[in-house]
Amino acid sequence: MKLLLEEIRRNPLLWLLAFVPVVFAVAQLKPEAHTLLFVLSALAIVPLTVLMNVATESVAAKTGDAVGGLLNATLGNLAELIIALAALRAGQYVLVKASVAGAIVTNSLFVLGMSFLLGGVKYHTQEYNRVSGRLQAGLLFLATVALLIPSAIARADPAAGAAISPKLSVGLAVLLIVAYSLGILFSLKTHRESFASVPHSGAGEAPWPVSLGLGTLAGVTVLVALVSEVFVESVQKAAETFGMTPAFVGFIIVALVGGMSAMPTAFSGARKDRLDLSVGIALGSASQIALFVAPVLVLLSYFVGPTPMDLQFWPGAVVMIFLATLTTALVTNSGRSTWFGGVLVLMVYLIFAMTLYLLPPRAQ
Amino acid sequence: MKLLLEEIRRNPLLWLLAFVPVVFAVAQLKPEAHTLLFVLSALAIVPLTVLMNVATESVAAKTGDAVGGLLNATLGNLAELIIALAALRAGQYVLVKASVAGAIVTNSLFVLGMSFLLGGVKYHTQEYNRVSGRLQAGLLFLATVALLIPSAIARADPAAGAAISPKLSVGLAVLLIVAYSLGILFSLKTHRESFASVPHSGAGEAPWPVSLGLGTLAGVTVLVALVSEVFVESVQKAAETFGMTPAFVGFIIVALVGGMSAMPTAFSGARKDRLDLSVGIALGSASQIALFVAPVLVLLSYFVGPTPMDLQFWPGAVVMIFLATLTTALVTNSGRSTWFGGVLVLMVYLIFAMTLYLLPPRAQ
Amino acid sequence: MKLLLEEIRRNPLLWLLAFVPVVFAVAQLKPEAHTLLFVLSALAIVPLTVLMNVATESVAAKTGDAVGGLLNATLGNLAELIIALAALRAGQYVLVKASVAGAIVTNSLFVLGMSFLLGGVKYHTQEYNRVSGRLQAGLLFLATVALLIPSAIARADPAAGAAISPKLSVGLAVLLIVAYSLGILFSLKTHRESFASVPHSGAGEAPWPVSLGLGTLAGVTVLVALVSEVFVESVQKAAETFGMTPAFVGFIIVALVGGMSAMPTAFSGARKDRLDLSVGIALGSASQIALFVAPVLVLLSYFVGPTPMDLQFWPGAVVMIFLATLTTALVTNSGRSTWFGGVLVLMVYLIFAMTLYLLPPRAQ
């Protein structure tokens, strides 16, 4: 407990934990105050995901490198998964898909581009591990193919697309999870030496004991689940108040809130010329969401949601994911970055964000 | 003749030659046994294509490197060409196009991915000739552009697409054959030293005399043509019996049968750490089919088929060829391979195969 | 003035200046002779753009490297801008967009491919600055994303596409101009040493005094504007006479006329093994038109044209720009070129040109 308090004192983002009880109080007293609830729950989710990451890493650090790496790789985006599950249970499939697509795009463009820019402003040219960057870009490309195919079939022949969509989605989900598992085997076991060790928090920290880690993880997971429910309920109505489209909310707002916790590490890594760390977080998160979170949601939708969810995304989202994947493939190919590389990647993100912001509400 | 028998004794695939007379017997006695005829003719085509390759290489080996390379490059996919011609004569243009698209995808994804996987399981990292890989990837990309354009025009304006399709297809066919010929000039003549010599069969074999080679080539070509006719007639009906869609049959089954002969060499090359050989076969076959077999079929359709055939493919096939080309371009860029690179490429192939398997019969 | 005459004596292309007064005379006496006016005005534009380039460089050479580079980068495609402005004022938005798309494709495929081919015929393998090639390819990719998105939205939901098109186009135009400006900052200021200095005319020339440069620039700009008006008026009707489609005229003819002036420098650079120069002109012009000329035209259309122009291009043009960008990204990745690389790039261009030539008149 003392360690937990110490961590809180050290990390200003964790001070936002104060908003967690406030969310529950307001949700009870003023359930119709959607805008307020949206802002409060977004503010409460951020420190919870930070705590989740710290706890995951503490457990990971104690269980040896291989198991630890596995834990990090599977629990790294637990917050995104829980938020999406809350939306899944509410049957808000449009929001689920938008937030999945948005998380892929946000990580592979915004986090990557921002890291390149922040690092490039300080250092003239930065180098990073090409092998690792290429693996992640390859995994992302595979996921993009899996998302493109149902859309392409549905466009070429809408009837056929609708007929095969449920079976195809389950099949694709299984293939993606297999590919993801083999990718972990590859990077943690058979070709481990090719991958720079990418610790998700700053090095040199004294890790927590396993019991504290596990306890925190369990407690925080419950809290994130509860806050997410408030968040999902309020986000759409709050968006209308702010004049935002549902597409923009799912793609940009939910994705930024869900991924906020990893950003400080990615950005400070870039400022310390440890770009491997930043690229690993950015592309690792993106491929994890595409190859693990999204398929798991499809499979869970058979148990959790009102009806099964498929992998058929809004065509505009598919185009954006495809372009984001091409961007990362082109950019990570050289293994070097400059501030202008960051600008290019961020500009692609800005084009997407602007388009989604301008879209009329019914278009998604 | 002794040499021919020796070759047969040494290569177990050639034992399947026993099925050749069986096919003709059954075709005479039980012409309505489609499923049986399909299985038998598929089994008979495989050893014939193997024999065809051995004969081509024997002739090639005797005629000097430049002419030999040319022979290999033009006759290497003779079997695919003959099978497609049989389908062309029967007016089965959907099957022709599906098998052409399938052969491109099968070679560039299945053969390449399997070679990477089989080699990568044995060797930690394998290197191969980047220059050669890039040339083939470049040729494939050009062919993809040629296949994409008529589709894109037809989608943007169906009337215009239909109006220009015949002329455009002939023009594209001529351009592709010119590009293919210049590619041979480049790799066999002006920039020969940049290309690893890629012998299609194992090195160290005593080649046949030219007369035996030419005789075998002539005889086998006739046999393949005859068996192909049985195969093409039976494949669609057999597929219905097995519950397969026409798209799946053309893309996967016909392409696998037609390309089977080159696979053992490609795979054993990978196991012997001679990945240049494997990549050469995989991408060489794919680009040969795209830039030589497909255009030749378009031009021959003016003389052989009931009506001219165009280059306008099913949109789903175009998307798959485009994604396969992007995959090879991304993968061959580094000139190195690991088992996981193979998994990624195979996964793309599996996604395509699964989608085609699930497609309702009328969708293609 | 003596210097101006000397320049004219030395450069045979400038002899075509004799056509400038002829154009004005014919336009007065025989305003209905569209075919003659088209040929004459095309012949008159070429030497004027050459003169424009010489004048720009003279001013640039005198104003120091940074300002000079900036001048070159912004005035380099002044002729294309003026021709497009003439079409914009005439409300010919289809022609404006076709010529913008055509100029991107012509520079990134025709000029690049021709340079590779001409250089590769003389030299076995040529190397050029990868960093610079990648920057230009990256800028082109960004512009392609900006052009793809409005098209993709419009296809997924035509009503939504139409609703957001004007605002989105202005937003994208601003983003592209910002990206272009930052790219200049990057290549001329912060990472200057990574870029080979790319003088647009032959080295060793004695530059003109600033006053002559500025005077020529002013005078020629007026002349180009006047001749462009004749050109834009006559080109469509002349095209009908020649049996060309409007798409072909805009994409191929106007783009070739507008870009003619830079081609001799690019091609002779390749023949002198100074491929950096050729690649710089080809990709630099393409990205300049995509990121500067096109957005400026969108913004100016609010003041000059009868109605605002958006960035929503004909889907076929978007596909061509996308494929051209992919081609340059794949080709420039290695930093080396051979004659066959040039053939591949030119073949892509020929495929586009042939398709446009065959398109029925109403398809664009």
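The values are calculated or read from the model by the stated rules, or taken from the named source; none is laboratory data. Everything quoted here is computed from the prediction, not taken from an experiment. Quick reminder, even Gly has a Cβ in these numbers, built from the backbone with ideal geometry, and neighbours come from all protein chains shown.
Just wondering, is there one or more residues in segment B:259-282 that are facing chain A (nearest Cβ under 9 Å), among the hydroxyl-bearing types (Ser, Thr, Tyr), over 25 Å from B:LYS237 (Cα atoms) and buried (at least 24 other Cβ atoms within 10 Å of the Cβ)?
So far as segment B:259-282 goes, no, none of its residues is facing chain A (nearest Cβ under 9 Å), among the hydroxyl-bearing types (Ser, Thr, Tyr), over 25 Å from B:LYS237 (Cα atoms) and buried (at least 24 other Cβ atoms within 10 Å of the Cβ).
Test of understanding: among A:LEU344, A:LEU359, A:LEU300, which residue is aliphatic (A, V, I, L, M) and surrounded by fewer than 20 Cβ atoms within 10 Å (Cβ to Cβ)? Step by step, each of A:LEU344, A:LEU359, A:LEU300 is checked, and only A:LEU300 is aliphatic (A, V, I, L, M) and surrounded by fewer than 20 Cβ atoms within 10 Å (Cβ to Cβ).
Of the helices (runs of 4 or more DSSP H) lying entirely inside segment C:1-71, those containing at least 2 residues that are at pLDDT 85 or above and under 23 Å from C:ILE82 (Cα atoms) span C:19-29, C:34-62.
The residue that is surrounded by the fewest Cβ atoms within 10 Å (Cβ to Cβ), among those in segment A:136-154 that are facing chain B (nearest Cβ under 7 Å) and small (Gly, Ala, Ser), is A:ALA152.
Under 30 Å from A:ALA156 (Cβ atoms) and in a helix (DSSP H, G or I): does that describe A:LEU283? No; evaluated as a whole, the condition is false for this residue. When residues in segment C:82-94 are screened for being surrounded by fewer than 24 Cβ atoms within 10 Å (Cβ to Cβ) and in a helix (DSSP H, G or I), 6 of them pass. For segment C:122-131, the criterion of being among the acidic types (Asp, Glu) and outside any loop (DSSP other than H, G, I, E, B) is satisfied by at least one residue. Across segment C:171-190, what is the number of residues that are among the hydrophobic types (A, V, I, L, M, F, W, C), facing chain A (nearest Cβ under 10 Å) and under 20 Å from A:ALA353 (Cβ atoms)? Total satisfying the criteria: 7.
Every condition in (1) surrounded by 24 or more Cβ atoms within 10 Å (Cβ to Cβ); (2) more than 9 Å from every other protein chain (Cβ to nearest Cβ); (3) part of a helix (DSSP H, G or I) holds for C:LEU326 except the one numbered (2).
Among the residues of segment C:321-329, is there at least one that is farther than 24 Å from B:GLN136 by Cβ, of a type in the set (Val, Ile, Thr) and at pLDDT 85 or above? Yes, some residue in segment C:321-329 is farther than 24 Å from B:GLN136 by Cβ, of a type in the set (Val, Ile, Thr) and at pLDDT 85 or above. Of all residues in segment A:272-283, count the ones that are within 22 Å of A:PRO47 (Cβ to Cβ) and not hydrophobic (A, V, I, L, M, F, W, C). Result for segment A:272-283: 1.
One residue stands out in segment B:155-170 among those that are farther than 12 Å from B:LEU311 by Cα and surrounded by fewer than 18 Cβ atoms within 10 Å (Cβ to Cβ): the one that is nearest to the other protein chains (Cβ to nearest Cβ), namely B:ALA163. If you scan segment A:24-36, which residues turn out to be in contact (Cβ under 8 Å) with a residue 12 or more places away in the chain and closer than 19 Å to A:VAL220 by Cα? Answer for segment A:24-36, where residues must be in contact (Cβ under 8 Å) with a residue 12 or more places away in the chain and closer than 19 Å to A:VAL220 by Cα: A:PHE24, A:ALA27.
So which of A:VAL59, A:VAL50, A:VAL105 ends up being touching a helix residue (DSSP H, G or I) at 6+ places or on another chain (Cβ under 8 Å), surrounded by 19 or more Cβ atoms within 10 Å (Cβ to Cβ) and under 24 Å from B:ASN333 (Cβ atoms)? Answer to the selection: A:VAL105.
Taking the condition of being acidic (Asp, Glu) and modelled with pLDDT under 85, how many residues in segment C:198-232 meet it? Looking only at that region, the number is 1. B:GLY183: in a helix (DSSP H, G or I) and more than 24 Å from B:SER287 (Cβ to Cβ), yes or no? No.
In segment C:113-128, is there at least one residue being modelled with pLDDT under 90, within 10 Å of chain A (Cβ to nearest Cβ) and out of contact with any Phe, Trp or Tyr (no Cβ under 7 Å at 6 or more places or on another chain)? No: zero hits. Please go through segment B:306-323 and give me each residue that is part of a loop (DSSP other than H, G, I, E, B) and facing chain A (nearest Cβ under 9 Å), ordered by number. B:TRP314 - this is the single residue of segment B:306-323 that is part of a loop (DSSP other than H, G, I, E, B) and facing chain A (nearest Cβ under 9 Å). Filtering segment A:329-364 to residues that are small (Gly, Ala, Ser) and either assigned to a helix (DSSP H, G or I) or within 8 Å of chain C (Cβ to nearest Cβ) (or both) leaves A:ALA329, A:SER334, A:GLY341, A:GLY342, A:ALA353, A:ALA363. Would you confirm whether or not segment C:171-180 contains a residue that is of a type in the set (Phe, Trp, Tyr) and at pLDDT 85 or above? Taking every residue of segment C:171-180 in turn, at least one turns out to be of a type in the set (Phe, Trp, Tyr) and at pLDDT 85 or above.
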